[in-house]
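Below: the structure, in structure tokens.
The values are calculated or read from the model by the stated rules, or taken from the named source; none is laboratory data. Predicted model, so just to flag it, every value in this text is computed and none were measured. Don't worry about glycine lacking a Cβ; one is built from the backbone with ideal geometry, like all the others, and counts go over all protein chains shown.
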Amino acid sequence: MVTAFDGADALDYPRPQLRRPQWTDLCGEWEFAYDDADAGLAAHWERGDTPLDGRVVVPYPPESPLSKVADPGPHRILWYRRRLLLDPVPSGHRVLLHFGAVDYAATVWLDGHEVVRHEGGHTPFHADLTDLLGDGAAQHVLAVRVVDDPADVTQPRGKQDWQDRPHTIWYHRTSGIWQPVWLETVPDLHLTSLTWTPDLPGARVALRVTLSRPPATPARLSVRLSLGDESLADQVVTLRTDTADVDIAVPALRHGQNAGRLLWSPESPTLVDARLTLEPDAAAPDTVDSYLGLRSVGFRDGRFLLNGVPYYLRMVLEQGYWPRSHLAAPDAVALRREVELIRSLGFNGARIHQKVEDPRFLGWCDRLGLLVWGELPSAYEFGERTIGRLTREWLEVLHRDAGHPCVVAWVPLNESWGVPHIAVREDQRHLASALYHLTRAVDPTRPVVSNDGWEHTTSDLWTVHDYAPEGASLRERFGTPGELRQTLRGAGPGRRRVLLVDGDERGQPVVLSEFGGLSYAPDAGQDWFGYGLVRDAEDFADRLADLLDAVLDCDGVAGFCYTQFTDTMQERNGLLTEDREPKLPPARLRELLTRPSRAIAAEAVDAHRRRARQRSESADPTGE
């Protein structure tokens, strides 16, 4: 199926920040087989001579119901295959095969010829098929072999269970292909990646571009930025290498009293459209569409900053898991709906937990206005192999997602998972610090959390996980500067020190990045997990209000992340059920979540202005 895009449909495109007018969706039914005996390679299953005995619906993992396999495993080796009818390749063009994500290690063949290998279950890769295609339309055999060892805890696996059955806070595995597979035809010399970095004080945007290869002769790249009908920048540069940094002046940002209309924030998610055209000498041009958000993030004096001013974080823990499709979204509409639901409850951000989200989800966060913390799924065994795997995949995550304005912080480690003895082992502390510094070296524009929850080494945000059952306990630990300092420097809420280093005080904000976890109401029986059981809707609302009021009253806390957005399998502590039904009226949840915080005095002023405006509009709905 060839899909064109226009407007909102652009965010159905598997790579929303680098779009071309046409693409071919390869999702749907494929041949499929488990290879528990590891016989497929010797039998040359990649050639297509022997039928595979099963069928799977891509991109749903075979553990999930929507895949039509629904086998929770465990199975270590999976094979996929499908036949393609491909048209002749236009002169001067290439045919690229893209995979959004395949968990964990994939080998891909076309007509028995290996075209690409990739290790890493959460990041994209592609293969150039051109040299294996003939001059005319022909049938081809595409085969994929995936190795995903459930027992290998050196893999970055996040919350995918290593045991046969899900337990406590771990879920069914997501093996094999779980994000879109697609084809596109591109000019021989073409753009392969774009990263936008706004510089608000400098009234500029930095653009890093990567080409498919170095141009044989200098190529022209034109970049046009626009906001509706308004042209913001129109620039032409000459490229001589396969990577280049382009500095683009945006004069409209110099007008200090008028620049606010251009800035991106959850309250005003303004996106700037971008069109890029690469013109090699005497060869087909490559034209792509993209977008960017003009915004800055940082921290100062214990406050998180958005566009240079203090901004209170109201986030929710987002597992990104659906009962019928697991880590894969049921469809593109579900990704948009997830962002809309989070925003509708009054949250301004989401901490994506132990998952690298689908780029289309990030696209909707960009468009609808939702801050995101990007997180690396954890491995669970410390060692050289784990370090290599974490580092390689994390670099791919940073490369893929650094251009999204919604992403405002990076989290390479969570709760000392994979570094369980970080408090006493210097090598594990070095890994946390190394991942922090590596992330800052690649992207110096965003805060980095070295180890979310506790046992921080160097960090730009001091994040704490505290599942206190009542607000009074939170007030005792975070209510005054002295109590807050004791919580950070002494034995923390999780019976682990929050900070492992002394002297690294640079005005880092304190964020309660996990709290709450109230369960209402789990099914009868013992197969559920939560941090506090509530009896009914009234009790749920009262307990939730008690916790939120306590956090919002602590003026030393710069924001929070509530656990969690939806129920997820046996983890029954969501504000919504796993089918995305709110457990309390959305208006009530929004009222609780959006109460002004004491940390930022301007929030009370803003709330007063909103109420006054609402009263005025109610009294005179015509505005006259």
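With the condition kept exactly as written, say whether any residue in region 243-251 is over 17 Å from Thr195 (Cβ atoms), over 22 Å from the mean Cα position of the chain (by Cα) and surrounded by 17 or more Cβ atoms within 10 Å (Cβ to Cβ). No, there is no match, as no residue in region 243-251 is over 17 Å from Thr195 (Cβ atoms), over 22 Å from the mean Cα position of the chain (by Cα) and surrounded by 17 or more Cβ atoms within 10 Å (Cβ to Cβ). Specify the residue that is farthest from Leu370 (Cα to Cα); the eligible residues are those in region 280-306 that are at pLDDT 95 or above, among the charged types (D, E, K, R) and in contact with a Ser or Thr (Cβ under 8 Å, 6 or more places away or on another chain). Looking at residues that are at pLDDT 95 or above, among the charged types (D, E, K, R) and in contact with a Ser or Thr (Cβ under 8 Å, 6 or more places away or on another chain), I get Asp286. Take the conditions (1) over 30 Å from Ser325 (Cβ atoms); (2) in contact with a helix residue (DSSP H, G or I) (Cβ under 7 Å, 6 or more places away or on another chain); (3) at pLDDT 95 or above; (4) not aliphatic (A, V, I, L, M); Gly559 misses just one of them, which is (2). In region 101-145, the residue that is nearest to the chain's Cα centre (by Cα) out of those that are part of a loop (DSSP other than H, G, I, E, B) and more than 21 Å from Ile77 (Cβ to Cβ) is Pro124. If you check Leu317 against the conditions, is it assigned by TED's automatic domain parsing to the domain that holds Trp373 and either touching a residue at least 12 places away in the same chain (Cβ under 8 Å) or more than 17 Å from Ala203 (Cβ to Cβ) (or both)? Yes. For region 363-381, which positions are surrounded by fewer than 21 Cβ atoms within 10 Å (Cβ to Cβ) and assigned to a loop (DSSP other than H, G, I, E, B)? Those that are surrounded by fewer than 21 Cβ atoms within 10 Å (Cβ to Cβ) and assigned to a loop (DSSP other than H, G, I, E, B): Tyr380, Glu381.
For region 50-69, a residue qualifies if it is exposed (fewer than 14 other Cβ atoms within 10 Å of the Cβ) and at positive phi, but none of them does. Of all the listed residues (Asp247, Asp273), the sole one being acidic (Asp, Glu) and either under 30 Å from Ala350 (Cβ atoms) or not in a strand (DSSP E or B) (or both) is Asp273.
Within region 161-212, the set of residues being on the phi > 0 side of the Ramachandran plot, in a loop (DSSP other than H, G, I, E, B) and in contact (Cβ under 8 Å) with a residue 60 or more places away in the chain comprises Thr168 only. No other residue among Ala259, Ala219, Ala244, Ala249 is among the small types (Gly, Ala, Ser), on the phi < 0 side of the Ramachandran plot and in contact with a helix residue (DSSP H, G or I) (Cβ under 7 Å, 6 or more places away or on another chain) apart from Ala259. Would you point out which residue out of Pro51, Pro16 is assigned to a loop (DSSP other than H, G, I, E, B), at pLDDT 90 or above and touching a Gly at 6+ places or on another chain (Cβ under 9 Å)? Going through Pro51, Pro16 in turn, the sole match is Pro16.
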